[in-house]
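The next block holds one structure in the form of structure tokens; read it before the comments.
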Amino acid sequence: MADLPDPLQTAQPQANAATASIRPKRGPWLSLMGATVLMLTLLVLRPGSFFDLGINTYGTWFLDSYAILASNDAQAFGLDVYKPNPLDPFHRPHVYSSWWLCLGSFGLTRADTLWVSLVLVGGFVLTALAALRPRRYSEAAFYAAVLLAPPMLLAINRANNDLVVFVLLAILPSCVLASSRIVRNVVPFLVAFATGLKYYPAAAALLLLTGRDRREARARVLIQALLFAVVGISIAGDLRRLPGLMPKTEGLMTFGSTAIPSMLNWRLGPWVLAAGIVGLAIAAALWMRQARSGESDRSAGKADACELRFVLGAALLCACFWLGMNQGYRWVFAVWLAPWLWREGFAVAPGTRDRLARATGFLLIAVLWTDSFIAIGLNRLLGTVPLATLLRWSNGLYALEQPMTWTFFACLLALLIRFLRSHSVLRRTA
């Protein structure tokens, strides 16, 4: 379990002095916990509430955890798990790395779906609540808007294995800040293991650039590179099979840099490359702008667990966004963004607020909820407007929201670059 962030530790000395005497209050955190329990109870007792929020559950729970266990069962029966699986209600082939096919060796089968999913969902909720410790009721409301957003509820309903990555990587900031060098050296191994499970956690290696000294950071980067090589050899076959197995990802409750090309059925390879080039160009422009303005100097110093969690979540989400399309449940990592965005953009005195963090906080709520509001509005028209028309409207509205999504990720990228210039071993020392 990750260390709880210290809400008083902020980059602004004035804010520290003004709030140092305030003791944490349990009321806001208990209200957040209560809202979470209430929402989950409502969804259990009235599953139709998912549809009310624009979430398609296909009338059941824990579809994704079931699919993985069904693949393990298929393997045990000698079936080809990379072909349509007759043991899965939707005949889904195995679309994850082969590492997940080891679960059968531990005796897990489809019959274990319920308890495995409940443990996974419970682990996610408890880990998220441990990271979200509001001091005020307004802060609790902000956190609730993130934790109980429709993409998070989708991940909970599916018991998607992104929740495994979330729980696994939650301890990374604590490991990075640990006084023991042995514990700090655990970081590359955790990142490598998570990468073997879901590929995109390789972006979490960004935390390796936060070190006590350059020599140790270089050693950890070298260890990480070697581990990535080993993992890459292990999952090379999975990566080759992946493009032909993945279901098409498009429309509401998805996000990615190739959203519009995907919706128009264009060939995505060139567009992924183009989006990556655009992302690198934006990053280079932001780096040079910050270098000229000295913007990063204001936040120079040692990063705390709260900021490292933000960096971890931002790195994972940015990697997912620029590398293609993602289902909405990948937004679970936005939970780690909320505490730092609130602390820097909302909690401090108006004159010392970080305007970029504040804008990113508003955009975060918008990108998490816009698809749901669109779906809610369109669902009310079912039966009165032809389905084909509703689909056209849905695609049109989804296309219109893409500039907002790109703006959000550009803000995240700017904050990541500022972090690298301020706290990482890339920062030049005198």
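The values are calculated or read from the model by the stated rules, or taken from the named source; none is laboratory data. The structure presented is a predicted model; accordingly, all values stated were derived computationally and were not measured. Neighbour counts are summed over all protein chains in view; Cβ atoms, including those assigned to glycine, are modelled from backbone coordinates with ideal geometry.
When the residues of the range 202-254 are filtered to those that are of a type in the set (Val, Ile, Thr) and in contact (Cβ under 8 Å) with a residue 60 or more places away in the chain, which remaining residue is surrounded by the most Cβ atoms within 10 Å (Cβ to Cβ)? Per the criteria, the residue is Thr210. Here is the figure for the range 58-88: residues that are of a type in the set (Val, Ile, Thr) and either more than 30 Å from Gly48 (Cα to Cα) or in contact with a Ser or Thr (Cβ under 8 Å, 6 or more places away or on another chain) (or both) total 1. Taking the conditions (1) in contact with an Asp or Glu (Cβ under 9 Å, 6 or more places away or on another chain); (2) over 30 Å from Ile417 (Cβ atoms) in turn, Leu378 satisfies each one other than (1).
Residues of the range 202-255 that are of a type in the set (S, T, N, Q) and in contact with a strand residue (DSSP E or B) (Cβ under 9 Å, 6 or more places away or on another chain): Thr249, Thr254. With respect to the stated conditions, Arg330 is buried (at least 16 other Cβ atoms within 10 Å of the Cβ) and either assigned to a helix (DSSP H, G or I) or at pLDDT 95 or above (or both). In the range 146-163, the residues that are over 23 Å from Trp342 (Cα atoms) and among the hydrophobic types (A, V, I, L, M, F, W, C) form Cβ pairs under 6 Å with partners that are part of a loop (DSSP other than H, G, I, E, B) and at pLDDT 95 or above, at six or more places apart or across chains, as follows: Ala159/Phe62. Cβ-Cβ distance below 7 Å, separation of 6 or more or different chains: which pairs start in the range 353-382 with a residue that is within 16 Å of Leu153 (Cβ to Cβ) and end on one that is small (Gly, Ala, Ser) and outside any helix (DSSP H, G or I)? Hits for this filter: Leu368/Ala149; Trp369/Ala149; Asp371/Gly54; Ser372/Gly54; Ala375/Gly54; Ile376/Gly54; Asn379/Gly54. Each residue in the range 333-388 was checked for being small (Gly, Ala, Ser), under 17 Å from Cys411 (Cα atoms) and either outside any helix (DSSP H, G or I) or in contact with a strand residue (DSSP E or B) (Cβ under 9 Å, 6 or more places away or on another chain) (or both), and 0 pass.
Here is a yes/no grid of residues against (1) within 30 Å of Asn395 (Cα to Cα); (2) at pLDDT 65 or above; (3) of a type in the set (Gly, Ala, Ser):
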| residue | (1), (2), (3) |
| --- | --- |
| Leu226 | no, yes, no |
| Met253 | yes, yes, no |
| Ser257 | yes, yes, yes |
| Ser262 | yes, yes, yes |
| Ile277 | yes, yes, no |
| Trp287 | no, no, no |
| Lys302 | no, yes, no |
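Can you tell me which of Leu120, Leu132, Leu148 is crowded, with 17+ Cβ neighbours inside 10 Å, under 19 Å from Leu63 (Cβ atoms) and not β-branched (Val, Ile, Thr)? Among Leu120, Leu132, Leu148, only Leu120 is crowded, with 17+ Cβ neighbours inside 10 Å, under 19 Å from Leu63 (Cβ atoms) and not β-branched (Val, Ile, Thr).
Could you grab me the full set of residues in the range 85-129 that are in a loop (DSSP other than H, G, I, E, B) and within 30 Å of Leu337 (Cα to Cα)?
Listed by number, the residues that qualify are Val95, Tyr96, Ser97.
Against the conditions (1) surrounded by fewer than 20 Cβ atoms within 10 Å (Cβ to Cβ); (2) at pLDDT 95 or above; (3) among the aliphatic types (A, V, I, L, M), Ile68 satisfies every one except (1). Counting the residues of the range 24-70 that are under 24 Å from Asp112 (Cα atoms) and charged (D, E, K, R) gives 2. When the range 15-41 is limited to residues that are closer than 18 Å to Ser138 by Cα and not in a helix (DSSP H, G or I), the one that is modelled with the highest pLDDT turns out to be Lys25. Here Thr429 meets the list (1) at pLDDT below 90; (2) buried (at least 20 other Cβ atoms within 10 Å of the Cβ); (3) among the β-branched types (Val, Ile, Thr) almost entirely, failing just condition (2). Residues in the range 148-179 that are closer than 22 Å to Gly196 by Cβ, out of contact with any Lys or Arg (no Cβ under 9 Å at 6 or more places or on another chain) and not in a loop (DSSP other than H, G, I, E, B): Arg158, Leu163, Phe166, Val167, Leu168, Leu169, Ser174.
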